[in-house]
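Student: Quick one: the structure is below, and I'll ask about it shortly.
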Amino acid sequence: MLKNYWKIAWRNFRINGSYTFINILGLSSGIASAILIFTLISYQLSFDRFHHQTDRIYRVVTEFHQESIEYQPGVPQPLGRAFQHDYNYAEAAARVCVYNNALISLPYEKEAPKFEEVDGVAYTDSSFFDIFNFPLAKGNPGPLLTEPNTALITQKLAIKYFGAGDPIGKTIRYNNNRDYRITGVLKDIPDNTDRRQEIYLSYTNLKDQDAFMASDSSWGETRSGMQFFVRLKPSVSPELVTRQFPNLMRKYDPDDAATTIFRLQRLSTVHFNGDFDGPVNLSYLWALGLIGIFLVITACVNFINLATARALHRAKEVGMRKVMGSLRSHLFWQFIIETAILVLISFLLAAAIAILALPALNTLIGTHMSIGLFTHFESIAFLITLLAVVVFLSGSYPGLVLSRFRPITALKGKLSQRNVGGFPLRRILVVTQFAISQLLIIGMIVIAGQIRYTRTTDLGFTKDGVILLPLPQPDLLKMKTLAARLASIPGTDQVTLCSYAPASGSNSQESFTYDNRPKEEPWSINIKFGDARYLPTYQMKLVAGRNFFAADTIHELLVNETFVKEMHLRHPEDILGKRLTINKWSAPIVGVVRDFHNYSLHKAIDPVVISPRPDRYRTCAVRIGLTELHPALTAIEKIWTETYPDYVYSRYFLDERIERFYRQDNITFRLVEIFSGIAILISCLGLYGLVSFMALQKTKEIGVRKVLGAGVDNILWLFGGEFARLLLIAFLIAAPLGAWAMHRWLQGFEYRIDLNWPIFAIAIGSTFLIAMLTVAWRSAKAALTNPVTSLRSE
């Protein structure tokens, strides 16, 4: 029986080659997209789930409750020791302090090479490796990093630094400051972890990097790089631990106990929580999953549409089989097997497409994903489920329709469209397809518009033509010398020494008192340090007062317009001359800067204070005329290297740094753009197939109409009019759904575009144009056929 089913299926595929091609292309496109989306979602959901007992591992995070809530993934450094001293809730607890962009040198190797490690180094407790599953590949398996001046590196760095030699006992030097002896080599860090550091240093050496940070008196200092992890005992609930943190604060830091709240964050959620700098928004993964489902549905709808459109051509075959004794169940399973064969072929093609497309997807997202179609249990289960769903969705209805034909009616050729579901069913299916396509197009247009807005909106400063140079040493004389030499380069407009650019991922929040008031204000300020050329270099504007005078100490301050509004003052001039006290130093306000975006457009503008303070300068910013860019870059590198010969030169363009704020949005746009194109392709394939069968069925009608005087435009409208109405109905369904979904997405931006009618006009217009071109391409052939030929063929 199965052999007979296979023969019949293969014969039908060969006879109806165009039908087979359209179905395979549509199904393989949808299935390949589903495989890629499943791979991406599985990869993101796997982050940091390979550690042992992940469900009991938590990160302690900080919330500052003032007028609004500020979220911080870091904690005060003394919290780790205090928690372990006062409570016995954790099996293991570890502090880890990360410093990015580390200079690593090998002072005792030939030529003493230097390397810049962007992911930096991590000072950590030995218990860190009891919590996280980063096993040793070489070295003593006992307690790690218990001795001062010891380090662990990964296998990749061991080969990079020492080649094939044994790294154990070798020395690395961090930031030209302190030597560390390598006591172990870790296996390479997996891709699916947010802990990217490949160099771990003994926590006892943190005092050498920052004595205040390492002290037990730094309760008021909270940095994102200073984090604390615990693995709770099986009998301890996270709610119990969270209830103890207020007691801890009242004991060790009573002044901040009312506003500083600590919470436990489960490790498996760290990757997705944007409030605490999680790199991926979980809602994006849900959206991608829905897109994958939509694409599979669109491909299945195509198959059903074409199968039911072809049903009349197989009526006599069905009638003959029933006369010869075939049962309805036999006919049903014959069509299911035909569908399964087509789907299997499509699966093989889809797997090949997905494998070929994966490198491009990895490049787009910046990952190293692999498709383990037949090696991972989750992938195998997904493929089997997807195969069963596609076969069931695609084959069940056509099989039921074809198997219920009455043999006498079928053999007499008296079946009509009503017997195969008719046009109402196909209308519903076409509307479904194009509603999905238009929904994706609306999303693509809105995301593209928001990205364009982020690139063109006035940020309050000029980002183009600004180069950021890291300053490796807080040496004021060297910094001033560097700035003076850079200012003399032809084509250089301005040079400033500062802590950070106006918009930066690194920001410093401080509490303060205003105008000698007895208490601190119930909100914090974002403080940026820069010299007197900070404003002209970034082309920032004053709305009141003046710029501060050049000085090597804090003697004058600038604030932004938001600061003035927070103080409930009507005019910027009203704040001039008022004094601010920040961390025991005080200075008057001499100017008000026009508001600028100090974060991405996802976040509101903070109250900002700008002040000179050379010991906090970490960056030299240079504005260059774009016409002199290349010779200026060469000269800048030469001068920087001469100033800091013991360090590795690096530079960044400010506009590229700001573009990083929207990396996730850019990736989302590209994915939606790609999958929208695939949805439209599948829908148009279905339209082309339907119009082809309509043309065959209406051959005689077209001939008669042409004989009676109908023109080509009338014949084209015979095909296009029906689908134009269906596209309009699809739009009426997709528009409100798209508006709701994109309104939700835009809520992630404090500054955003409006959802207006041109967005929806473009969506319906582009879909209508593509669909009508598809219909016209096939129906034009029928319209131009000689009516004599059409009538003779009947």
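Student: Determine the pairs where a residue that is more than 25 Å from Thr553 (Cβ to Cβ), located within the stretch 586-611, has a partner that is open to solvent by 10 Å² or more (accessible area, probe 1.4 Å) and of a type in the set (S, T, N, Q) with Cβ atoms under 6 Å apart, the partner being 6 or more residues away or on another chain.
Tutor: Partner pairs satisfying both residue conditions: Asp595/Thr562; Ile605/Thr562.
Student: Filter the stretch 582-599 down to the residues that are assigned to a loop (DSSP other than H, G, I, E, B) and open to solvent by less than 10 Å² (accessible area, probe 1.4 Å), then identify the one that is farthest from Ala544 (Cα to Cα).
Tutor: Among them, the one singled out is Asn598.
Student: Does Asp55 fit the bill of being closer than 25 Å to Phe134 by Cβ, open to solvent by less than 30 Å² (accessible area, probe 1.4 Å) and at pLDDT 90 or above?
Tutor: no
Student: Could you say which residue among Ala503, Ala551 is out of contact with any helix residue (DSSP H, G or I) (no Cβ under 6 Å at 6 or more places or on another chain), within 27 Å of Pro474 (Cβ to Cβ) and of a type in the set (A, V, I, L, M)?
Tutor: Ala551
Student: What are the pairs, 6+ residues apart or on separate chains, where a residue within the stretch 135-153 that is open to solvent by less than 20 Å² (accessible area, probe 1.4 Å) has its Cβ under 8 Å from a residue that is acidic (Asp, Glu)?
Tutor: From residues that are open to solvent by less than 20 Å² (accessible area, probe 1.4 Å), the pairs are Leu145/Asp125; Ile153/Glu198.
Student: State which residue is nearest to Asn100 (Cα to Cα) when the search covers only the stretch 457-483 and only residues that are of a type in the set (D, E, K, R) and under 26 Å from the mean Cα position of the chain (by Cα).
Tutor: The qualifying residue nearest to Asn100 (Cα to Cα) is Lys463.
Student: Would you tally the residues in the stretch 493-523 being among the β-branched types (Val, Ile, Thr) and surrounded by fewer than 19 Cβ atoms within 10 Å (Cβ to Cβ)?
Tutor: Total meeting the criteria: 1.
Student: It is to be established whether one or more residues within the stretch 274-281 are charged (D, E, K, R), open to solvent by 80 Å² or more (accessible area, probe 1.4 Å), free of Cβ contacts under 8 Å to residues at least 40 places away in the same chain and assigned to a helix (DSSP H, G or I).
Tutor: For the stretch 274-281, residues charged (D, E, K, R), open to solvent by 80 Å² or more (accessible area, probe 1.4 Å), free of Cβ contacts under 8 Å to residues at least 40 places away in the same chain and assigned to a helix (DSSP H, G or I): absent.
Student: Test each condition in (1) over 25 Å from Thr124 (Cα atoms); (2) without any contact (Cβ under 8 Å) to a residue 24 or more places away in the chain; (3) buried (at least 16 other Cβ atoms within 10 Å of the Cβ) for Leu25 and report the one that comes out false.
Tutor: It is condition (2) that Leu25 fails.
Student: If you don't mind, another one. Residues of the stretch 172-185 being over 35 Å from the mean Cα position of the chain (by Cα), farther than 9 Å from Ala151 by Cα and in a strand (DSSP E or B), which ones?
Tutor: Passing the criteria: Arg173, Arg178, Asp179.
Student: Out of Thr456, Thr513, I need the residue that is farther than 30 Å from Thr260 by Cα and among the polar types (S, T, N, Q). Which one?
Tutor: Going through Thr456, Thr513 in turn, just one is farther than 30 Å from Thr260 by Cα and among the polar types (S, T, N, Q): Thr456.
Student: Look through the stretch 189-200, keep the residues that are touching a Ser or Thr at 6+ places or on another chain (Cβ under 6 Å) and at pLDDT 95 or above, and return whichever of them is surrounded by the most Cβ atoms within 10 Å (Cβ to Cβ).
Tutor: So the residue we want is Tyr200.
Student: For Leu654, which of the numbered conditions (1) farther than 30 Å from Thr513 by Cα; (2) out of contact with any helix residue (DSSP H, G or I) (no Cβ under 7 Å at 6 or more places or on another chain); (3) surrounded by fewer than 21 Cβ atoms within 10 Å (Cβ to Cβ); (4) at pLDDT 90 or above fails to hold?
Tutor: Against the list (1) farther than 30 Å from Thr513 by Cα; (2) out of contact with any helix residue (DSSP H, G or I) (no Cβ under 7 Å at 6 or more places or on another chain); (3) surrounded by fewer than 21 Cβ atoms within 10 Å (Cβ to Cβ); (4) at pLDDT 90 or above, Leu654 comes up short only on (3).
Student: Give the residues of the stretch 180-231 that are of a type in the set (D, E, K, R) and either at positive phi or touching a Gly at 6+ places or on another chain (Cβ under 7 Å) (or both), sorted by residue number.
Tutor: Of everything in the stretch 180-231, those that are of a type in the set (D, E, K, R) and either at positive phi or touching a Gly at 6+ places or on another chain (Cβ under 7 Å) (or both) turn out to be Arg181, Arg223.
Student: Between residues in the stretch 732-760 that are within 18 Å of Trp286 (Cβ to Cβ) and residues that are small (Gly, Ala, Ser), which pairs lie under 7 Å by C-beta distance while being six or more apart or on different chains?
Tutor: Between residues of the stretch 732-760 that are within 18 Å of Trp286 (Cβ to Cβ) and residues that are small (Gly, Ala, Ser), the close pairs are Gly738/Gly443; Ala741/Gly443; Met742/Gly443.
Student: Residues of the stretch 235-252 being in a helix (DSSP H, G or I), touching a residue at least 12 places away in the same chain (Cβ under 8 Å) and either among the aliphatic types (A, V, I, L, M) or open to solvent by 50 Å² or more (accessible area, probe 1.4 Å) (or both), which ones?
Tutor: If the condition is that a residue be in a helix (DSSP H, G or I), touching a residue at least 12 places away in the same chain (Cβ under 8 Å) and either among the aliphatic types (A, V, I, L, M) or open to solvent by 50 Å² or more (accessible area, probe 1.4 Å) (or both), then Leu240, Val241, Pro246, Leu248, Met249, Lys251, Tyr252 are the ones that fit.
Student: Going by the conditions given, is Leu285 at pLDDT 90 or above and under 19 Å from Leu671 (Cβ atoms)?
Tutor: Against the criterion (at pLDDT 90 or above and under 19 Å from Leu671 (Cβ atoms)), Leu285 does not qualify.
Student: Let me ask something else. Suppose we filter Asp130, Asp48 for residues that are touching a residue at least 12 places away in the same chain (Cβ under 8 Å), closer than 20 Å to Pro190 by Cα and over 29 Å from the mean Cα position of the chain (by Cα); which single one remains?
Tutor: Exactly one of Asp130, Asp48 is touching a residue at least 12 places away in the same chain (Cβ under 8 Å), closer than 20 Å to Pro190 by Cα and over 29 Å from the mean Cα position of the chain (by Cα), namely Asp130.
Student: Among the residues of the stretch 601-633, count how many are open to solvent by less than 50 Å² (accessible area, probe 1.4 Å) and not β-branched (Val, Ile, Thr).
Tutor: 15
Student: Taking the criterion of being β-branched (Val, Ile, Thr), at negative phi, open to solvent by 40 Å² or more (accessible area, probe 1.4 Å) and in contact (Cβ under 8 Å) with a residue 40 or more places away in the chain, would at least one residue in the stretch 561-579 satisfy it?
Tutor: Taking every residue of the stretch 561-579 in turn, none turns out to be β-branched (Val, Ile, Thr), at negative phi, open to solvent by 40 Å² or more (accessible area, probe 1.4 Å) and in contact (Cβ under 8 Å) with a residue 40 or more places away in the chain.
Student: How many residues are of a type outside the set (Lys, Arg) and open to solvent by 10 Å² or more (accessible area, probe 1.4 Å) if we restrict to the stretch 106-130?
Tutor: 16
The values are calculated or read from the model by the stated rules, or taken from the named source; none is laboratory data. In this text, all values refer to a predicted model and were calculated from it rather than measured experimentally. Neighbour counts are summed over all protein chains in view; Cβ atoms, including those assigned to glycine, are modelled from backbone coordinates with ideal geometry. Areas reflect the complete protein model, heavy atoms only, side chains present, ligands, DNA and RNA absent. Shrake-Rupley method; radii C 1.70, N 1.55, O 1.52, S 1.80 Å.
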